[in-house]
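Colleague: Submitted below is the structure of interest, expressed as structure tokens.
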């Protein structure tokens with residue numbers, strides 16, 4: 001920025017300085033934002049306050065920028081229709097009601113909910129919806145010419161949610177959704193529809209709730225190439241595993257507490273079996289690698305088989321157990337997997353506990369970028385929905401999946417790769433001569449080397465207490481090996497008849 005110290009009339013500089021300060025106060029901007037967005041120099045306001053006089057042409061340029069900004073603040077209100085008034089929908093409506101004035105002042109456009117749709121009109125949601133137009137049919141709401149933007153918070157991968165989103169996009173109307181199941185199944189088709197009509201799809205709230213990972217991947221990575229993305233993407237599972245590790249209580253007791261606290265659904269299958277994480281991982285994988293969404297190509301394992309014995313061994317070895325979604329690219333294609341994982345206690349991901357989520361990105365420019373925060377809940381999810389609405393209010397529009405759908409490459413599934421640190425294997429072994437020798441022989445036949453063998457009374461499996469008195473629990477820690485080798489060896493072990501029940505296999509990752 002050019003400054004001079006000529007003897008121009010001070011009232012000109014004073015008038016300009018007062019105009020800048022008034023702008024800052026009215027718009028609630030920081031000096032740095034003003035300098036970056038209007039002056040082209042983050043230090044401009046600070047220099048002005050210290051008495052440095054900008055050139056006359058610089059003052060004229062900035063004064064014109066302030067006038068244009070004020071003129072643009074007269075945009076008509078953005079009229080929003082909300083389908084789905086559950087926890088997230090009600091929180092969103094409340095945010096828009098309570099913060100209307102502040103949002104308009106900061107973002108230059110009034111945002112108004114004008115129409116809503118839900119299953120029950122009479123239910124008390126803690127917000128006043130009496131002034132809004134009511135729709136019984138979300139498709140009719142999405143197609144209504146009375147709204148500028150459609151927010152889908154119904155849920156479900158098909159049915160009314162899909163029909164309504166299609167109706168909005170076909171009408172050229174932008175859509176904001178938190179529906180990861182819908183996008184995991186139909187995301188490419190919906191993105192193509194949006195491109196054809198010039199509409200926009202915002203889905204920040206569909207992955208990791210209050211963490212801005214979608215915006216980071218679509219807009220904040222620059223020329224960086226992502227090689228791996230992984231993270232904790234389900235607050236229910238993370239809460240359960242955290243409680244099991246800290247309080248020495250069972251999976252079922254933790255699940256019951258999570259349901260009582262509202263962290264888990266009455267039917268928690270979608271969460272605890274890993275499907276929720278898989279849908280989120282499919283979206284992240286597409287954004288990271290520019291591939292078509294492939295939710296059906298993900299290896300999925302949940303946490304229902306995790307026992308206190310597994311938690312205790314992990315702790316003794318310096319690990320925690322986390323349910324991770326992991327996607328990585330190699331020369332063979334893209335590997336996607338969701339499963340419980342041993343992670344070092346010293347790693348950043350291990351310190352993300354309770355209902356928090358975290359997503360880590362490994363790129364050629366940044367060794368690792370970790371985004372962490374609340375991953376679920378009405379307020380966090382509604383805040384992400386609102387962030388997408390504000391982008392649309394400002395005229396923001398980028399390809400929903402980061403690149404045009406015509407540039408998405410077909411998904412090529414890579415085989416499960418070698419995992420550094422190997423595997424944790426827990427077996428319920430019959431207490432007969434030769435059992436251990438037979439097991440280690442089968443492992444050796446598949447080129448699996450053991451790092452350690454653990455046998456302690458306190459690791460006795462629950463199944464051993466149900467009439468299987470002549471068994472003992474054996475824990476094996478392998479060195480680096482292939483998934484296929486582990487599975488092949490365990491099949492042979494089962495055929496030999498020295499074990500009972502299903503083996504517990506948990507991968508060990510080094511982050």
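Values quoted throughout were computed directly from the atomic coordinates according to the rules given, and no laboratory measurement underlies them. Owing to the predicted nature of the structure, the values given are computational and were not obtained by experimental measurement. Here the Cβ is made from the backbone with ideal geometry for all residues, glycine too, and neighbour counts use every protein chain on show.
Colleague: Calculate the FRET efficiency for residue 100 and residue 32 from the Cβ-Cβ distance with a Förster distance of 30 Å, rounded to the nearest 0.05.
Modeller: Numbers: r = 27 Å, r/R0 = 0.89.
Efficiency computed from Cβ-Cβ geometry: 0.65.
Colleague: Quick one: if you take sqrt(5λ) for each eigenvalue of the C-alpha gyration tensor of region 144-289, what semi-axes come out, biggest first, whole angstrom? Numbers along the way, then the final one.
Modeller: Values: eigenvalues 201, 77, 27 Å².
Square roots of five times the eigenvalues give 32, 20, 12 Å.
Colleague: Which distance in nm do the two modelled labels at residue 366 and residue 247 give, with both placed 7 Å along the Cα-to-Cβ direction?
Modeller: My value for the distance between the label points is 3.5 nm.
Colleague: How high is the relative contact order of region 245-366, in percent, counting Cα pairs under 8 Å that sit 6 or more residues apart? Before the final figure, lay out the partial values.
Modeller: On the way: 143 pairs, mean separation 27.9, N = 122.
Normalised by residue count, the contact order of region 245-366 is 23 percent.
Colleague: Let me ask you something else. Neighbour counts of other C-beta atoms within 10 Å: give me 452, 347 arranged from fewest to most. Before the final figure, lay out each step's value.
Modeller: Numbers: 452 10, 347 17.
Ascending Cβ contact count within 10 Å gives the list 452, 347.
Colleague: Points 7 angstrom from Cα along the Cβ direction at residue 49 and residue 158: gap in nanometres?
Modeller: Label at residue 49, label at residue 158, 6.0 nm between them.
Colleague: Right, something else. Taking just the alpha-carbon atoms of region 350-398, what radius of gyration and Dmax come out, in angstrom?
Modeller: Expressed in Å, the Cα Rg and Dmax of region 350-398 come to 14.3, 39.
Colleague: Relative to the first principal axis of the alpha-carbon coordinates of the chain, what is the inclination of helix 435-445, with its axis defined by its Cα atoms, in degrees from 0 to 90 and to the nearest 10?
Modeller: 60
Colleague: Sticking with this structure for a sec: How high is the relative contact order of the chain, in percent, with contacts defined as C-alpha pairs under 8 Å that are six or more residues apart? Intermediate values should be presented prior to the final figure.
Modeller: On the way: 983 pairs, mean separation 66.6, N = 511.
Answer for the chain is 13 percent.
Colleague: Now, a different point. Running Debye on the chain with equal point scatterers at the Cα sites and no solvent, what base-10 log of I(q)/I(0) appears at q = 0.13 Å⁻¹?
Modeller: -1.22
Colleague: Size of region 78-202 along its principal axes in angstrom, Cα-based, largest extent first?
Modeller: If we take the Cα atoms of region 78-202, the spans are 36, 34, 24 Å.
Colleague: For the Cα atoms of the chain, what angle does the longest principal axis make with the long axis of helix 378-393, in degrees from 0 to 90, nearest 10?
Modeller: So the helix axis and the longest Cα principal axis differ by about 40 degrees.
Colleague: May I pose another question? Kirkwood Rh and Cα-based Rg: tell me the resulting Rg over Rh for region 214-373, rounded to two decimals. Intermediate values should be presented prior to the final figure.
Modeller: On the way: Rg = 15.8 Å, Rh = 16.1 Å.
My calculation of the ratio gives 0.98.
Colleague: Hey, another quick one. Expressed as a whole percent, how much of the Cα-Cα distance distribution for region 423-508 exceeds 15 Å?
Modeller: 53
Colleague: Something else: Along each of its three principal axes, how wide is the spread of alpha-carbon positions in region 131-221, in whole angstrom units, largest first?
Modeller: For region 131-221, the Cα extents along the three principal axes come out at 39, 26, 26 Å.
Colleague: How many angstrom lie between the C-alpha centres of region 301-376 and region 148-219?
Modeller: Centre-to-centre (Cα) distance: 27 Å.
Colleague: Can I ask one more? Compute the helix-to-body angle for 275-289: its Cα long axis versus the longest principal axis of the chain, expressed 0 to 90° and rounded to tens.
Modeller: So the helix axis and the longest Cα principal axis differ by about 60 degrees.
Colleague: Another question, then. If you scale each eigenvalue of the Cα gyration tensor by 5 and take the root, what three semi-axes come out for region 369-445, rounded to whole angstrom and sorted largest first?
Modeller: Numbers: eigenvalues 514, 94, 20 Å².
Rounded to whole Å, the semi-axes are 51, 22, 10.
Colleague: Find the eigenvalues of the gyration tensor of the Cα atoms of region 122-181, then list the square roots of 5 times those eigenvalues as equivalent ellipsoid semi-axes, largest first, in whole angstrom.
Modeller: Values: eigenvalues 77, 46, 20 Å².
Working through the eigenvalues yields semi-axes of 20, 15, 10 Å.
Colleague: If you don't mind, another one. Taking just the alpha-carbon atoms of region 3-72, what radius of gyration and Dmax come out, in angstrom?
Modeller: 11.4, 35
Colleague: Give me the Å³ per residue figure for the convex hull around the C-alpha atoms of region 466-511. Mind showing how you got there, number by number?
Modeller: Working: hull volume 4.4 nm³, N = 46.
It comes to 95 Å³ per residue, whole-number rounded.
Colleague: Moving to a separate point now. Would you mind computing, in nm to one decimal, how far apart the modelled labels at residue 458 and residue 136 are, each placed 7 Å from Cα along Cα→Cβ?
Modeller: That separation, rounded to one decimal, is 6.3 nm.
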